[in-house]
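Trainee: Here it is, the structure, as structure tokens.
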Amino acid sequence: MMKIEIAPSILSADFARLGEEVREAEAAGADRIHVDVMDGRFVPNLTMGVVVVEALRRVTRLPLEVHLMIVEPERFLEAFARAGADLLIVHPEATPHAHRAIQQIKELGVRAGLAVNPATPLAWFEDLLPELDQALLMTVNPGFGGQRFLEQSLPRLERLRAMRDRLNPACRIEVDGGINPETAPRVVQAGAEVLVAGSSVFNARASVAENLNALRRSLA
Ligand code: DX5
Ligand code: ZN
């Protein structure tokens, strides 16, 4: 079995100490850093953009995956690629041209991911999976950290996993939203291989290292 990767989402980090938080996650064995870009239109929240990815590129060697929750993500793919993104994830609900966006990402020399919201039919993946490096199943409605895991995600994940095994075994399956030591083993059981975790990693209850260890232990 492939190694299960953990991708801390900096959305829940202390932005006044962002560099330190990311270094701490790297030292504690995080596999990637997940960057949530929101535009106040595709989702009801505003977060960060290209300059933050540039700054993160200077403080960590970990792969940076950029989750674009913005309308018409095509407009910014090149800028995020130049800023140092290793993986760019777009939503098909946010563009009339998801396939073109995926192709543009690959032409930029960056890995390509597609993310779908909880109400979006998995049929999107049927056509696009052969082109993808990563398939992201949202396990909450995107927009905010700290939301509760949607239980109906589990059967969807099983279906996505079967689709992936059939259409593109090299594509990795990621989940995002409500992942903690209770839900992590369940999503892995259902087929997830990359786990995004925000509020369960960056919070005041324990150190980043302790939180990451708790997540890893839950998978053992
Ligand atoms: C939600 C974002 C997530 C978020 C996850 O819209 O895409 O990446 O940071 O946060 P948690 O892990 O707290 O649910
Ligand atoms: Zn995300």
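The values are calculated or read from the model by the stated rules, or taken from the named source; none is laboratory data. This one's a predicted model, so the numbers in the text were calculated from it and none came from an experiment. No Cβ is skipped: glycine too gets one built from the backbone with ideal geometry, and neighbour counts run over all protein chains shown.
Trainee: Yes or no: LEU46 closer than 25 Å to ALA184 by Cα and at pLDDT 95 or above?
Mentor: Judged against the criteria, LEU46 is not a match.
Trainee: May I pose another question? When you go through (1) buried (at least 18 other Cβ atoms within 10 Å of the Cβ); (2) of a type in the set (A, V, I, L, M); (3) away from ligand 1 (no atom under 16 Å from the Cβ); (4) in a loop (DSSP other than H, G, I, E, B) one by one for ALA192, which number turns out not to apply?
Mentor: Going through the list (1) buried (at least 18 other Cβ atoms within 10 Å of the Cβ); (2) of a type in the set (A, V, I, L, M); (3) away from ligand 1 (no atom under 16 Å from the Cβ); (4) in a loop (DSSP other than H, G, I, E, B), ALA192 breaks only (3).
Trainee: Considering GLU93, GLU126, GLU158, which residue is at pLDDT 95 or above and away from ligand 1 (no atom under 14 Å from the Cβ)?
Mentor: Result of the check over GLU93, GLU126, GLU158: GLU158.
Trainee: A further question follows. If you check VAL51 against the conditions, is it at negative phi and within 15 Å of ligand 2 (Cβ to nearest atom)?
Mentor: For VAL51, the condition - at negative phi and within 15 Å of ligand 2 (Cβ to nearest atom) - is not met.
Trainee: With respect to ARG166, is the statement that it is basic (Lys, Arg) and in contact (Cβ under 8 Å) with a residue 24 or more places away in the chain true?
Mentor: no
Trainee: Restricting to the range 71-124, and then to whatever is of a type outside the set (Asp, Glu) and touching a Lys or Arg at 6+ places or on another chain (Cβ under 7 Å), can you tell me which residue is nearest to VAL52 (Cα to Cα)?
Mentor: ALA83
Trainee: Among all residue pairs at least 6 apart or on different chains, which show Cβ distances below 7 Å where the first residue, located in the range 143-156, is at positive phi and the second is modelled with pLDDT of 95 or more and surrounded by fewer than 18 Cβ atoms within 10 Å (Cβ to Cβ)?
Mentor: GLY143/PRO44; GLY143/ASN45
Trainee: Testing ARG205 on (1) surrounded by 24 or more Cβ atoms within 10 Å (Cβ to Cβ); (2) modelled with pLDDT under 95, one condition comes back false. Which one is that?
Mentor: Every listed condition holds for ARG205 apart from (1).
Trainee: Tally up the residues in the range 1-22 that are in a helix (DSSP H, G or I), away from ligand 2 (no atom under 15 Å from the Cβ) and surrounded by 15 or more Cβ atoms within 10 Å (Cβ to Cβ), please.
Mentor: 3
Trainee: Okay, next question. Under 9 Å by Cβ, and 6 or more places apart or on different chains, what pairs join a residue from the range 195-220 that is under 18 Å from ARG32 (Cβ atoms) with one that is loosely packed, with under 13 Cβ neighbours inside 10 Å and acidic (Asp, Glu)?
Mentor: What qualifies is PHE202/ASP14.
Trainee: Considering PRO181, PRO185, which residue is assigned to a loop (DSSP other than H, G, I, E, B) and more than 16 Å from ligand 2 (Cβ to nearest atom)?
Mentor: Every option except PRO181 fails the conditions.
Trainee: Here are some conditions: (1) closer than 26 Å to LEU11 by Cα; (2) away from ligand 2 (no atom under 16 Å from the Cβ). ASP127 meets all but one. Which one does it not meet?
Mentor: Against the list (1) closer than 26 Å to LEU11 by Cα; (2) away from ligand 2 (no atom under 16 Å from the Cβ), ASP127 comes up short only on (1).
Trainee: A follow-up question, please. Show the residue pairs that are 6+ apart or on different chains and have beta-carbon atoms under 9 Å apart, the first residue being within the range 176-193 and over 13 Å from LEU212 (Cα atoms) and free of Cβ contacts under 8 Å to residues at least 60 places away in the same chain, the second being assigned to a loop (DSSP other than H, G, I, E, B) and among the charged types (D, E, K, R).
Mentor: GLY177/ARG148; GLY178/ARG148
Trainee: Condition check: within 16 Å of ligand 2 (Cβ to nearest atom) and aliphatic (A, V, I, L, M). Does LEU87 satisfy that?
Mentor: Yes: the conditions hold for LEU87.
Trainee: Another question about this same structure. For the range 42-51, what are the residues that are surrounded by 15 or more Cβ atoms within 10 Å (Cβ to Cβ), closer than 19 Å to ASN141 by Cβ and either without any contact (Cβ under 8 Å) to a residue 12 or more places away in the chain or not aliphatic (A, V, I, L, M) (or both)?
Mentor: Across the range 42-51, the qualifying residues are PHE42, ASN45, THR47.
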